[in-house]
Every structure is written in C-alpha cells, then in structure tokens.
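The values are calculated or read from the model by the stated rules, or taken from the named source; none is laboratory data. Computed from a predicted model, the values in this text were never measured in an experiment. Methodologically, a virtual Cβ is constructed for each residue, glycine included, from the backbone with ideal geometry; neighbour enumeration extends over all protein chains shown.
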C-alpha cells in the first residue's frame, strides 16, 4: 500500500473548520483514501473514505485532488470532542489482499475553546 | 451487541504467565482483525481472520502469540509466557468482509505485564 505523510500536530479553534492534509504521492489507481480517528483511550473510529470524487457524510468531508496525490479531511465545525489523532490511510480495494489497514503516526488535532 | 466487544478491558499479569484476550465481533461480520498499540505508538497489525481462517499470521511478533476464531464469530488472542514488552493495548476490529468496507474497532484490552 502507498505511504502517507501527515503533519504531526495541528490546532483548531472550537466552532471553526479543521482542515487536515494528507500527502499520498505514490497512490495507485485502485487505492482508496481512508480516514480514521482515535480519541484518547478509545479504539479507532472510521470517518470517511473515497477513491477520486469528493465525499461528504455526517462527520466530515473528504477532498481529493484531481491527481489524487493529496487529500484533505474537513471537519466543518470542530468541537472539543473532535480532539483526537487522525489517520490517513491508503488501501487497495482488490478483494482478498486488502485485508489490513496500515496505520501511520497520524495527526494530533487539538481543538481549543 | 451493537459494537465490537473485548474482554477483559484491563489485565495485569506476571511475567511468564499465559493470557487470553477475547473479541466478540459485530454479528454478521466475516472479517476480524487484531492490532496492538504500545504506549505512545501507532497501531501494529497482528493477524486477520476471514471466517475461521487466518491466511496471514506474519504480523504476530513471536511464536508465543497465537489466535483462533470459532464459528465465524468469537476470537481469542493467546500470549504464552508473557514478557514485559508484551504490555500494550490489544485492539480488535471487525468488518463485513475484507474488501472495501469500514472496520469497527473495540475499546481494546490493556495488558500490563509486571
């Protein structure tokens, strides 16, 4: 699976949009971009995933550049409960071989009051 | 239950003892994964199951680690002759299948070897 690069940490003011970048310059055509987050002392939580189109759900939006070499996770109105480590993962969707999510170091997002 | 359940939530054991960690996946999920997270570290993949089969065990740190799954449901991760470096949070996740689906994680078992 392709490697990802994320900033180590970011800060965001409560109520403002949090924009978390991820570089995946070696991504292949059949690799999806997944985002998970891990709140302190909890298991990781799925947020969103996409292939090449932008995606939106009740938690966040995912913007993927046209060349697919980078993406941005957007939390439109960050709250204190969004403080967590956010993981960007690229994952092959080819059936039997994409059995694992490979987590990197992620970005520690701190939402400040 | 509604989510992935792991037990115990905390386990303190003496070095050299065996421990067994349990994972109850979401009903109907055929894929099950075990990860380990040491203090301040990222998630380390250990093993996955598709049904009761574990096609890839290469992530298990040593031969002291083993896992099984029965009835396509409950899975147990066993660590024999525990060492202090085994201390970590052991996380279990399940998904509908191993393809392009989201994985749901449990809260983990915090293992402390003293």
Index of the failed condition, residue A:109 passing every other in (1) closer than 30 Å to residue B:10 by Cα; (2) within 14 Å of chain B (Cβ to nearest Cβ); (3) surrounded by 21 or more Cβ atoms within 10 Å (Cβ to Cβ); (4) under 15 Å from the mean Cα position of the chain (by Cα): (2)
For region B:98-114, which positions are part of a loop (DSSP other than H, G, I, E, B) and either modelled with pLDDT of 90 or more or facing chain A (nearest Cβ under 9 Å) (or both)? B:98, B:99, B:100, B:102, B:103, B:106, B:107, B:108, B:114
Please go through region B:57-82 and give me each residue that is touching a strand residue (DSSP E or B) at 6+ places or on another chain (Cβ under 8 Å), assigned to a loop (DSSP other than H, G, I, E, B) and over 30 Å from residue A:8 (Cβ atoms), ordered by number. B:57, B:64, B:73, B:74, B:80, B:82
Looking only at region A:6-41, how many residues end up being outside any loop (DSSP other than H, G, I, E, B), under 19 Å from residue A:92 (Cβ atoms) and free of Cβ contacts under 8 Å to residues at least 60 places away in the same chain? 3
Taking residue A:77 as the residue in question, decide whether it is surrounded by fewer than 16 Cβ atoms within 10 Å (Cβ to Cβ), in a loop (DSSP other than H, G, I, E, B) and within 12 Å of chain B (Cβ to nearest Cβ). no
Search result, residues across region B:59-92 that are facing another protein chain (nearest Cβ under 9 Å) and at pLDDT below 95: B:59
